[in-house]
Amino acid sequence: MLQQDLNTLQNLATKWEMSFNASKSKVMHIRKQLGTDPCEYIINGQKLEEVTKEKNLGIILSSNLKVADQCAAACAKANRMLGLINRNIENKNKFIMLQLYKSLVRPHIDYCTVAWSPYYVKDKELLEKVQRRFT
């Protein structure tokens, strides 16, 4: 069914003298259990690569829809920013540090949380660990 839609898109693209870059296109099957899926999708005669996770607009989507990878990436970025602040700021005034935290660290933790809102305790604790490190 999806292959028919891809064929229709390819025909429209050919008609309008456009092309799809199959090497930049990927397939992700959203499912509970990993396993072999007999479906193969083809554009321009090239089989589309199957992935289990993909980063799009700064959000890591995984085939099992868990946000552990996103939480780990957000914490890593936030911890790097905390290290940068710690190494480079000599005047550790409470007001200055709070402003730096709000402007440099917190955005990495809060970016698109509506889309990837962590629901496992371990993911929430990972994010709170960054805040505890700052305080």
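When the chain is described by a simple charge dipole with +1 on each Lys and Arg Cβ and -1 on each Asp and Glu Cβ, the residue from ALA115, ILE85, ASN21 located farthest towards its positive end is ILE85.
Seen from all directions on average, the chain presents a Cα convex hull projection of 11.8 nm². When you restrict to C-alpha pairs under 8 Å that are six or more residues apart and normalise by the size of the chain, the relative contact order lands at 21 percent. For region 124-135, 3J(HN,Hα) computed residue by residue from phi via the Karplus equation (6.51, -1.76, 1.60; θ = phi - 60°) reads 5, 5, 4, 6, 5, 4, 5, 5, 5, 4, 5, 6 Hz, glycine and proline entered as x. Measuring gaps between exposed loop sites in the chain (GluC sites (Glu not before Pro); DSSP loop; at most 13 other Cβ atoms within 10 Å), the longest gap, sites not included, is 41-89.
Non-local lysine pairs in region 1-69, meaning eight or more places apart or on different chains, with alpha-carbon distances under 24 Å, amount to 18. Once the gyration tensor of the Cα atoms in region 68-134 is diagonalised, the equivalent ellipsoid follows with semi-axes of 23, 11, 10 Å, ordered largest first. Taken over region 30-110, the alpha-carbon convex hull comes to 121 cubic angstrom per residue. In the chain, the longest principal axis of the Cα atoms and the axis of helix 2-15 are about 80 degrees apart. Note on region 2-51: with charges restricted to the Cβ of Lys and Arg (+1) and Asp and Glu (-1), its dipole about the Cα centre is near 120 debye. The residues HIS29, HIS108, when put in order of fewest to most other Cβ atoms within 10 Å, stand as HIS29, HIS108.
A short reminder: the numbers here are calculations on the coordinates, not readings from a lab. Computed from a predicted structure; not experimentally measured. Using ideal geometry, Cβ is built from the backbone for each residue, glycine included, and neighbour counts are taken over all protein chains shown.
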